[in-house]
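**Student:** I'd like to ask some things about the structure below.
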């Protein structure tokens, strides 16, 4: 059985914990991310498979980034390097299990290894949608 990555809660840090900044990193003003379990974002990218969909989600499971198609500019892989998960988590799932229309626009959730549409609250939507007038009095 394939083990899928789910690395949680990346946050910005000043420098990698396991080494100092290189001169070129200082020169370009590089940023660094670390997960809640101490993994460096740049280093842990190699743990993700090239053939799985990648999901970037917040603490409530709302999806704000998704790689569900191969990226031609990255060797036609599902490139996790396309994501920058500040205050987010990153998981991978089988590409076939990620809906083609899933987008990182807040309308999808990642829960228990599954991608689901955000439930619509039709009552609230109706209350906030302006009503058209029919011209009747």
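**Student:** What tally of residues in segment 40-59 results from selecting those that are touching a strand residue (DSSP E or B) at 6+ places or on another chain (Cβ under 9 Å) and over 14 Å from residue 91 (Cα atoms)?
**Tutor:** So the answer is 2.
**Student:** Across segment 84-117, which residue is surrounded by the most Cβ atoms within 10 Å (Cβ to Cβ) among those that are assigned to a strand (DSSP E or B) and free of Cβ contacts under 8 Å to residues at least 40 places away in the same chain?
**Tutor:** 116
**Student:** Which residue is surrounded by the most Cβ atoms within 10 Å (Cβ to Cβ), if the candidates are limited to segment 1-23 and must be over 20 Å from the mean Cα position of the chain (by Cα) and under 22 Å from residue 91 (Cβ atoms)?
**Tutor:** It comes out as 2.
**Student:** Report whether or not residue 40 is under 14 Å from residue 9 (Cα atoms) and at pLDDT below 95.
**Tutor:** Criteria met by residue 40.
**Student:** Pairs only if they're at least six apart or on different chains, beta carbon under 8 angstrom, first in segment 1-15 and over 23 Å from residue 97 (Cβ atoms), second modelled with pLDDT under 95 and part of a loop (DSSP other than H, G, I, E, B); list them, first residue then second.
**Tutor:** What qualifies is 12/31; 15/21.
**Student:** Does residue 42 count as outside any strand (DSSP E or B) and in contact (Cβ under 8 Å) with a residue 60 or more places away in the chain?
**Tutor:** The answer is no for residue 42.
The values are calculated or read from the model by the stated rules, or taken from the named source; none is laboratory data. Everything quoted here is computed from the prediction, not taken from an experiment. No Cβ is skipped: glycine too gets one built from the backbone with ideal geometry, and neighbour counts run over all protein chains shown.
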